[in-house]
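Okay, structure first, notes after.
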Amino acid sequence: MKSHAEWKALSESLILNGQAYINGSFQAAVSGETFPSINPATEAKLADIASCDQADVDIAVDNALQTFRSGVWSEMAPKERKNVLLKLADLIEQHQDEFAVLDTMDMGKSISEMVAIDVPDTIDCFRWTAECIDKIYGEIAPTAPGTMALISHEPVGVVAAITPWNYPLMMVAWKVAPALAAGNSVVLKPSEKACLSALRLAELATEAGVPDGAFNVLPGFGHTAGKALALHHDVHVLAFTGSTRVAGMLMEYAGQSNMKRVWLEAGGKSPNLIFDDCDDIKAAAATSAAAIFSNQGEVCIACSRIYVQKGIKEEFIAALTEAAARFLPGDPLDPNTNMGPMVDSAQLDTVRRYIQSGLEEGGTLLCGGEPEYVEGKGFFAKPTIIADANNKMTFVKEEIFGPVLAVCEFESEEEAIELANDSQYGLGAAIWTSNLSRAHRVSRKIQSGMVWVNTWGEGDTTVPFGGVKASGNGRDKSLHALEKYTELKNVWIRL
Ligand code: NAD
């Protein structure tokens, strides 16, 4: 791992390009408009970003459609398409330090997390998905003699992907790798708060051999570029990761336009159940702290609601506050930093507001508290734990997307399940118990797309990621991700 000084030197040496990437080259927005990208740790301007809108969307989607129809990517032999995406994975690996620095500067995530999680996960996602391309077969249905029915998977056409800022590169990879692998053309609109790594990825995709027009990146705001993409009649699939509020709007846009398929990975308020038969309370507390304070709590699967069983509450809370004290906000380019700044001042205000409301509604502050902002010094929040919380409180119900943890109490297993499920969200959940039967029983009853037992947040490209209820419908990663970007075709032949 590089030293703090080496990461800083690398960050200062990069030439940052904020132009749109359309049809294989960088371009200014048609309007010529730009907006600044701000480093949330220093509040310094990083680059001017092209502010794309309807005109750029029309050009990019048209290029993507022509490229799709030409067959240059959609009809490339599977083995060749695989090799191009494997080459792209190799190129990302060759530039791994650059990618790590880009996201750290753009949205404040600690460099150590970029190196340990986001970059290797992105490389693995491209490699694993590329390898699937020439290993997935069609089917012959068991029809009567004299007939033959072939079932095949076909690319859908133009896929639009709209992604968030909290894992900028990794969220892009989870959409773009399977969409390209299936033979589609992609138009990506990354978050306006962190789009530099997506633009660099597009450049490398061209170098790897992805044909011009097959992968386009349009930076811009949600209500302009994002909305125009979601309403476009030549976009066939819309894959989204972001808030539940915007997810709902995208479903409406699809209905108002061409009924494009919409896959949604939305918000969360994941519960963390600590049972009194948990055999390592210290380990449970340490992971529970990481489950809310890593990436400053800007994690969709953050376990922001802890339910601890009455008998072990005092012991668990003591271990939890001790673990929380190890999270120290600091310069995210320092490899020893485990918590960076919030992405912007609006997110910092949100954190402040929810801490105030949690305390006003009767919570007890165990550590942290309201952020102390110093102008020009970054948007840093403190790891905050509020105990004596319950499901009626606003900060327990709503997604905060920051380092604010609610600690509630339960008495029985039934009550724990009821409290965990008492939420509009259903993304992830964690359970701590040494009782195998309880682990299975509770996992089955929890309404969420993912459950972790005696751990949190683990997973790799082989397993699906996504939620139920207001947390969304689609799944990223695994073979199931490819289903989102393909059509099933049935050809019935009379012999
Ligand atoms: P957001 O919904 O504000 O923005 C997400 C993307 O949607 C951005 O690119 C934005 O520009 C775009 N957008 C905004 N308004 C739009 C509109 N009207 N039309 C089209 N596009 C629009 O979310 P965010 O703040 O970037 O990310 C945080 C949210 O993402 C949290 O709720 C978090 O839980 C969620 N998230 C979910 C997952 C998951 O896998 N379920 C993963 C990461 C983040």
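Tabulated results
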{"quantity": "Low-density loop positions, GluC sites (Glu not before Pro), the range 421-493 - DSSP coil, at most 13 other Cβ in 10 Å", "calculated": "GLU458"}
{"quantity": "Part-to-part distance (alpha-carbon centres) for the range 128-153 and the range 300-367, which is given in Å", "calculated": "49"}
{"quantity": "Rel. contact order, % - alpha carbon contacts under 8 angstrom, at least six apart, the range 271-460", "calculated": "28"}
{"quantity": "Likely footprinting exposure, LYS397, LYS135, fewest C-beta neighbours within 10 Å first", "calculated": "LYS135, LYS397"}
{"quantity": "Förster radius 25 Å - calculated FRET efficiency between ASP349 and MET251, Cβ distance, rounded to 0.05", "calculated": "0.30"}
{"quantity": "Full-stretch length increase - THR462, SER31 - with 0.36 nm per residue and alpha-carbon distance subtracted", "calculated": "150.9 nm"}
{"quantity": "Ranking of ARG444, ARG305, ARG438, ARG81 by count of other Cβ atoms within 10 Å, fewest first", "calculated": "ARG444, ARG438, ARG81, ARG305"}
{"quantity": "Violating pairs (Cα-Cα greater than 27 angstrom) within the set LYS82/LYS269; LYS109/LYS313; LYS227/LYS445; LYS2/LYS45; LYS135/LYS484; LYS313/LYS377", "calculated": "LYS82/LYS269; LYS109/LYS313; LYS227/LYS445; LYS313/LYS377"}
{"quantity": "The chain, relative contact order [Cα under 8 Å, separation at least 6], %", "calculated": "18"}
{"quantity": "Likely footprinting exposure, MET171, MET76, fewest C-beta neighbours within 10 Å first", "calculated": "MET76, MET171"}
{"quantity": "Simple label model, 7 Å out from Cα along Cβ direction - LEU16 to GLU414, nm", "calculated": "5.6"}
{"quantity": "Separation in nanometres of the label points that stand 7 Å from Cα toward Cβ, at THR147 and LYS445", "calculated": "4.6"}
{"quantity": "FRET E, pair ASP62, GLU314, Förster distance 60 Å, beta-carbon r, rounded to 0.05", "calculated": "0.40"}
{"quantity": "Gyration tensor (alpha-carbon) shape descriptor, the range 42-88, a/c threshold 1.5", "calculated": "oblate"}
{"quantity": "DSSP bridge orientation in the chain - percent antiparallel, rounded to nearest 5", "calculated": "40"}
{"quantity": "Rounded if a/c under 1.5, otherwise prolate or oblate - the chain, Cα gyration tensor axes", "calculated": "oblate"}
{"quantity": "Normalised contact order of the range 261-355, rounded percent, pairs of Cα under 8 Å and 6 or more residues apart", "calculated": "28"}
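Just so you know, all these numbers are worked out from the coordinates, no wet-lab data involved. It should be emphasised that the depicted structure is a prediction, and the values quoted were computed from it without experimental measurement. Positions of Cβ are backbone-derived with ideal geometry, glycine not excepted, and every protein chain shown enters the neighbour counts.
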